[in-house]
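Q: What follows is a structure written as structure tokens; I'll ask about it next.
The values are calculated or read from the model by the stated rules, or taken from the named source; none is laboratory data. Computed from a predicted model, the values in this text were never measured in an experiment. Every residue, glycine as well, gets a Cβ built from its backbone with ideal geometry; the counts of neighbours run over all protein chains shown. In case anyone asks, the SASA skips ligands and DNA or RNA and just uses the protein heavy atoms, side chains included. Shrake-Rupley method; radii C 1.70, N 1.55, O 1.52, S 1.80 Å.
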Amino acid sequence: MKLRFLILLFLLFPFITSVLAQKKPLQIIMIGAHPDDCDIKSGGTAALFVAMGHKVKFLSVTNGDAGHMKEGGGMLAQRRLEETKEVSRRLGVSYEVLDNHDGELLPTLAIRLEIIKRIREWNADVVIAPRSNDYHPDHRYTGILVQDAAFMVGVPNIAPDTPPLIKNPVFLYFQDNFKKPNPFQPDITVDISSVIDKKVYSLDAHQSQFYEWLPWIGRYENEVPKGQAERLEWLKKLRGSGINPAVKSNLEKWYGPTKAGQVAYAESFEICEYGSRPSDEDIKRLFPMLEK
Ligand SMILES: [Zn+2]
């Protein structure tokens, strides 16, 4: 009897482990240079992960203390920290801001070790960060810092006060429009049409940015509407659909041509060569919204 039970358990073992694996929430960490970068690049994908019971953390490598035309320093950093707390409430993500100056980020060893620790502590399955092709030095160096962490998260002698990850996560890049030396290549594209209003609502929490600083530096201050509903509508138009021809073609890969043709808003990601290299099956497991 006991033997029969053991044989049954043995036969069912792969099934049991796969069910348990599916039950365990995915751990996603998105790393941006400023306390609104992750929200802009993948707030919709984050909302979809959260709705499916997975865990998402946004990490800002700088405190955003240079992102304003009238305010600055500690007061601005504090205001922006409060805005990230509001994003946590609106989007259901964890949000952490590292206390490095905005506009002065360098890819130092000290910050690399901080990032390695955060990726390990989050026990990340997926890490998403900017490419190092970007107009903003903080974005470029955040890209470099995360690439520099990609192999090291598994090396026990590096940052030895946190245990190394047993499995290297999949590292991805956020979508961008920079062409040189090479354009962004969409490998994974998520239809965020169903959560676009949630994403825009999370951007709206960054009042200091979307209604003050970005319109000032972009010279469109007089276009910012006054009312809340008008602002949300305006922000939705301003941030665009994210769908260019390359993204459209990748949407077709994941959703089929009919459904891809109906997608109004999307967020796309490129696979970084330095982490785990996922198969299409791995991607479907790590991005379960692609199956919906
Ligand atoms: Zn930024």
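Q: DSSP loop (so not H, G, I, E, B), at most 16 other Cβ within 10 Å: list which trypsin sites (Lys or Arg not before Pro) in region 209-255 pass both filters.
A: Sparse-neighbourhood loop trypsin sites (Lys or Arg not before Pro): Arg219, Lys226.
Q: By accessible area of protein heavy atoms, probe 1.4 Å, what ranking do Lys180, Lys259 get, highest first? Spell out each step's value before the answer.
A: On the way: Lys180 175, Lys259 75 Å².
Reading off the accessible areas and sorting them downward yields Lys180, Lys259.
Q: How big is region 218-267 in terms of Cα radius of gyration and Dmax, in angstroms?
A: Answer for region 218-267, Rg first and Dmax second: 14.9, 42 Å.
Q: For Ile188, what is the net charge nearby, where nearby means another residue's Cβ is under 11 Å from its Cβ and Lys, Arg count +1, Asp, Glu -1?
A: Working: positive: Lys253, Lys284; negative: Asp187, Glu267, Glu270, Asp280, Asp282.
Net of charged neighbours comes to -3.
Q: Another question, if that's okay. Over the chain, one equal point on each Cα, no solvent: what is log10 I(q)/I(0) by the Debye formula at q = 0.11, 0.13, 0.16 Å⁻¹?
A: Debye output, listed in q order: -0.67, -0.92, -1.37.
Q: Something else about it: Over the chain, with the other protein chains present, what is the accessible area per residue in square angstrom, probe 1.4 angstrom? Show your work: numbers first, answer last.
A: Working: 14800 Å² over 292 residues.
Ligands and nucleic acids excluded, the figure is 51 Å² per residue.
Q: Here is a further query. Please enumerate, by chain and number, the aspartates and glutamates with C-alpha under 14 Å from the C-alpha of Lys237, excluding those fewer than 8 residues away in the same chain.
A: Asp197, Asp204, Glu223
Q: Additional query: What's the percent breakdown of Cα-Cα distances in region 25-141 across 10 Å bins, shortest bin first?
A: It works out to 14, 46, 33, 6, 0, in whole percents.
Q: Now for a different question. At a 1.4 Å probe radius, carbon and sulfur cover how many percent of the accessible area of the chain? It would help to have the intermediate numbers written out before the result.
A: Details: 8520 of 14800 Å².
After summing per-atom areas, the C and S share lands at 58 percent.
Q: What are the ³J(HN,Hα) values, in whole Hz, obtained from phi via the Karplus relation 6.51 cos²θ - 1.76 cosθ + 1.60 with θ = phi - 60°, for each residue of region 157-172 in sequence order, with x given for Gly and Pro?
A: 7, 9, 6, x, 7, 10, x, x, 6, 6, 10, 5, x, 7, 9, 10
Q: Right, next: Over all directions, what mean area does the Cα convex hull of region 177-292 project, stated in square nanometres? Don't jump to the answer; show the numbers that get you there.
A: Working: hull surface 36.5 nm².
For region 177-292, the mean projected area of the Cα convex hull comes to 9.1 nm².
Q: In addition: Exactly which chymotrypsin sites (Phe, Trp or Tyr not before Pro) in region 64-139 are in a DSSP loop and have at most 16 other Cβ atoms within 10 Å? Display every interim value, and only then the final one.
A: Values: sites: Tyr95, Trp122, Tyr135; in loops: Trp122, Tyr135.
Answer in residue order: Tyr135.
Q: Something else now. What number, in nm² with one decimal, is the all-direction average of the projected area of the convex hull of the alpha-carbon atoms of region 54-201?
A: 10.2
Q: Give the lysines reachable from Lys85 as a straight Cα distance under 20 Å; neighbours fewer than 8 places away on the same chain don't count.
A: Lys41, Lys55, Lys57, Lys198, Lys199
Q: Take the alpha carbon atoms of region 57-99, find their center, do the same for region 261-280, and report the distance between the two centers in whole angstrom.
A: Cα centres, region 57-99 to region 261-280: 27 Å.
Q: As an exercise, find the ratio Rg/Rh for region 157-214 from alpha-carbon atoms, using the Kirkwood inverse-distance average for Rh.
A: Looking at region 157-214, the ratio lands at 1.12.
Q: May I pose another question? Restricting to DSSP loop positions (anything but H, G, I, E, B) with no more than 14 other Cβ atoms inside 10 Å of their own Cβ, which GluC sites (Glu not before Pro) remain in region 248-292?
A: Values: sites: Glu252, Glu267, Glu270, Glu273, Glu281, Glu291; in loops: Glu273.
Listed in order of number, the matching sites are Glu273.
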